[in-house]
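Asker: The structure follows.
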Amino acid sequence: MKNVLCGLAIVLGAAVVPAVAHHSFAAEYDSAKPITLTGTVTKVEWMNPHARFYIDVKDQTGKVTNWELELGSPNGLMRRGWTRNSLKEGDTVTVAGSLAKDGSNLANARTVKLADGRQVFAGSASETGDEKAGN
């Protein structure tokens, strides 16, 4: 019986970890601080709970800064027409979203204009927790 209870505790503990690791939009991002970035994709991470990608953005002086951009879940992105290959290293994209509250080079993407000119919704959570529907 002791082994069964120990095993059950491990299973329940493992189920809680993803929920704890997940955050709300309002906890990390500021919808009152919109940002639009254009840059070159340097890395794509297609994994739960949120896909992410990174772009190099060049400012007016030529200084390059790498930005991390959070998307929705891979499942949500696929429902919006994304695939693992929608973003590729070397693609130039324009991203509209909201800045991170901590001032880091991190933003929650709302829309992404892809290299082929298509604009796609990023499936990110709004500050109310609802997914952006593109309206």
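Asker: Using a simple spin-label model with points 7 Å from Cα along the Cα→Cβ vector, what separation in nm is obtained for Lys101 and Ala115?
Answerer: Inter-label distance under the simple model: 3.6 nm.
Asker: Here's a follow-up. Could you list Glu70, Glu45 so that the one with the fewest beta carbons within 10 Å of its beta carbon is first and the one with the most is last? Please list the in-between numbers first.
Answerer: Values: Glu70 24, Glu45 13.
By the 10 Å Cβ count, ascending: Glu45, Glu70.
Asker: Multiply the residue separation of Thr65 and Thr83 by 0.36 nm, subtract the distance between their alpha-carbon atoms, and state the gained length in nm to one decimal.
Answerer: Working: separation 18, 0.36 × 18 = 6.48 nm, distance 2.63 nm.
The span from Thr65 to Thr83 would gain 3.9 nm if fully extended.
Asker: Oh, and also: Need one word for region 24-121: rounded, prolate or oblate. Basis is the Cα gyration tensor (sqrt eigenvalues a ≥ b ≥ c); a/c below 1.5 gives rounded, then a/b vs b/c decides. Show your work: numbers first, answer last.
Answerer: Details: a/c = 1.69, a/b = 1.09, b/c = 1.55.
Cα axes put region 24-121 in the oblate bin.
Asker: What is the gain in length, in nm to one decimal, between Glu45 and Ala27 on full extension, counting 0.36 nm per residue of separation less the C-alpha to C-alpha distance?
Answerer: 4.3 nm
Each reported figure results from applying straightforward, stated rules to the coordinates on display, with no laboratory input. Predicted model only: the values in this text are computed from it and were never measured. Because the Cβ atoms are built from the backbone with ideal geometry, glycine has one as well, and the counts that use them run over all protein chains shown.
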